[in-house]
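The values are calculated or read from the model by the stated rules, or taken from the named source; none is laboratory data. Remember, predicted model here, so these are calculated numbers, not experimental data. Cβ atoms come from the backbone with ideal geometry, glycine included; neighbour counts cover every protein chain shown.
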């Protein structure tokens, strides 16, 4: 179907996953990034991985931005079935998800090494808004008898890995506080292949990868829901 929302969703997911894997292979094979296990944002510090990462994920996230508009259009009648609270919630969720996707594009366009504060704030906004709005979307669809077990498990996994990533990141920063007398040392000094990687840093990275893939799995469950829609 021309301008198919379903095809765009599938393309965005496949491109996003392909970009992450390609960036990992290129950055680790070149010896510039530790193979086990890098923070996603530490991979694109050199070329060609920086261009691969920013271009591929930027396009993928722009596709996500467009899909969010389609989903909001479909969520409106579902929200009306449940009352004013869900109507307002759907609108707030749409705004938050739209802002989150824009922040995602900013995140992948401005790398951690050169723009640590901007990158960190926009990445946090992307992850948080995705989880919050996905939770609302799941509840909205469940109450309209459009439940999906894969969506539920992916959402639970996303929240679990998000929380654990935050916990391990704080523990890693506390280690940095002891070693460098600076809680924010890691934010301002991203790890590289020569960095001694603590257990907490590796666990933070592992949780981040798992969280991101749970996002893609969750997003993929909307394929049938939007299969007859155009962008």
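Data table
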quantity	calculated
Residue count, the range 133-175 (criterion: part of a helix (DSSP H, G or I), in contact with a helix residue (DSSP H, G or I) (Cβ under 9 Å, 6 or more places away or on another chain) and closer than 20 Å to residue 223 by Cα)	19
For residue 183: the one exception among (1) free of Cβ contacts under 8 Å to residues at least 60 places away in the same chain; (2) in contact with a helix residue (DSSP H, G or I) (Cβ under 6 Å, 6 or more places away or on another chain); (3) in a helix (DSSP H, G or I)	(3)
Filtered residues of the range 160-170 (kept if at pLDDT 95 or above and crowded, with 16+ Cβ neighbours inside 10 Å)	161, 162, 164, 165, 168
Residue 121 being under 21 Å from residue 93 (Cα atoms) and surrounded by 14 or more Cβ atoms within 10 Å (Cβ to Cβ)	yes
Which numbered condition residue 105 misses (of (1) within 23 Å of residue 141 (Cβ to Cβ); (2) under 19 Å from the mean Cα position of the chain (by Cα))	(1)
Verdict on residue 120 being in a helix (DSSP H, G or I), within 24 Å of residue 56 (Cβ to Cβ), under 15 Å from the mean Cα position of the chain (by Cα) and at pLDDT below 95	yes
Residue match in the range 83-97 (condition: within 26 Å of residue 21 (Cβ to Cβ) and in contact with a helix residue (DSSP H, G or I) (Cβ under 9 Å, 6 or more places away or on another chain))	yes
The range 175-191, subset modelled with pLDDT of 80 or more and within 25 Å of the chain's Cα centre (by Cα), residue farthest from residue 118 (Cα to Cα)	191
Pairs where the first residue, in the range 201-214, is surrounded by fewer than 23 Cβ atoms within 10 Å (Cβ to Cβ) and the second is not in a helix (DSSP H, G or I), C-beta under 6 Å, 6+ apart	202/37; 206/37
Test for residue 41: is it within 26 Å of residue 113 (Cβ to Cβ), touching a residue at least 40 places away in the same chain (Cβ under 8 Å), in contact with a helix residue (DSSP H, G or I) (Cβ under 9 Å, 6 or more places away or on another chain) and surrounded by 22 or more Cβ atoms within 10 Å (Cβ to Cβ)	no
Hits in the range 176-197 (condition: over 21 Å from residue 27 (Cβ atoms) and surrounded by 16 or more Cβ atoms within 10 Å (Cβ to Cβ))	176
All positions within the range 30-50 that are more than 18 Å from residue 17 (Cβ to Cβ) and in a helix (DSSP H, G or I)	42, 50
Residue in the range 133-145 that is at positive phi and either surrounded by fewer than 19 Cβ atoms within 10 Å (Cβ to Cβ) or without any contact (Cβ under 8 Å) to a residue 12 or more places away in the chain (or both) present	yes
Which listed residue, of 71, 82, is modelled with pLDDT of 95 or more and crowded, with 19+ Cβ neighbours inside 10 Å	71
